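Peer 1: Got a structure here, written out as structure tokens. Questions coming.
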Amino acid sequence: MKTSETIGKISPAFVAAQSDMNGLRKDGKNPFFSSNYITLDSILEYVRPILTHHGIALLQTNSGVIQNNDDEIIGLTVTTRLQHSSGEWIENEVSLPVIPRVDRSGKVLPLDAQSMGSGLTYGRRYALTALLGIGAEVDDDGNAASRTKEFKQPASKPAPQRVEDVRQEALTSLQRYRNEVIRLWGESVGKDKAQQQLVYNTINPSPDGSPIVVTPEGLDIAATYLSRLKSKEEFNG
């Protein structure tokens, strides 16, 4: 987290704003874990009037992209700032992977504006809830699903290290999911990307029928769900 040189005026204003933030409605639903989460639109609709009342403006932007050694975009960085009327500010920066969309047959689609937009929306929601101290997800039965972790790049570290951290996080989630698929369905399905995708789509359905975006969070959710099954016959798909 970063701040202006002084925070003597924004600090009490932020504390007052936080004290007014209660009862935020959780309007999303994960059907496999009975867990609720707060959508970005709901967060913004709720917190903006409160922040404004205390003299705080909310600013969010895509402050950069992460590229691999082949100059391919593999992630993006979201900056969220709370700007006080005094000129003081508090901000955080979150970097996370961007994974291409896939269609319902399991075909990987080229990275496009929709994939970037989905990643940006998730990043904004994650960064904002972290900065405001709002729980973005609650699990009704005590089994919280894993979420994409926040990847912070200290100024002293070179950019390639951040790229590698992001890549490793995504690969860890993917490998965990593949291991569970192989355990239930065997090596043949575990090596079939289309079959893996169909399983993923069943666990992480698109609410509006649009192409499904694979994310590390989604892979962790799928892996956690599959780990609870003793055999493939128990799978709901």
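The values are calculated or read from the model by the stated rules, or taken from the named source; none is laboratory data. If you're wondering where the values come from, they're calculated on a predicted model, not measured in any experiment. Cβ placement follows ideal geometry from the backbone for every residue including glycine, while neighbour counts extend to all protein chains displayed.
Peer 1: How many residues, within the stretch 21-74, are at pLDDT below 75, closer than 17 Å to residue 124 by Cβ and hydroxyl-bearing (Ser, Thr, Tyr)?
Peer 2: Residues that pass the stated criteria total 1.
Peer 1: Within the stretch 75-118, track down each residue that is modelled with pLDDT of 90 or more, more than 16 Å from residue 40 (Cβ to Cβ) and among the β-branched types (Val, Ile, Thr).
Peer 2: 90
Peer 1: Something else now. Do we find that residue 135 is out of contact with any Lys or Arg (no Cβ under 6 Å at 6 or more places or on another chain), modelled with pLDDT of 50 or more, surrounded by fewer than 18 Cβ atoms within 10 Å (Cβ to Cβ) and not in a helix (DSSP H, G or I) in this structure?
Peer 2: Judged against the criteria, residue 135 is a match.
Peer 1: Something else now. Would you mind stating whether residue 121 is within 26 Å of residue 69 (Cα to Cα), of a type in the set (S, T, N, Q), at pLDDT 80 or above and within 14 Å of the chain's Cα centre (by Cα)?
Peer 2: Here the answer is yes, as residue 121 does meet what is asked.
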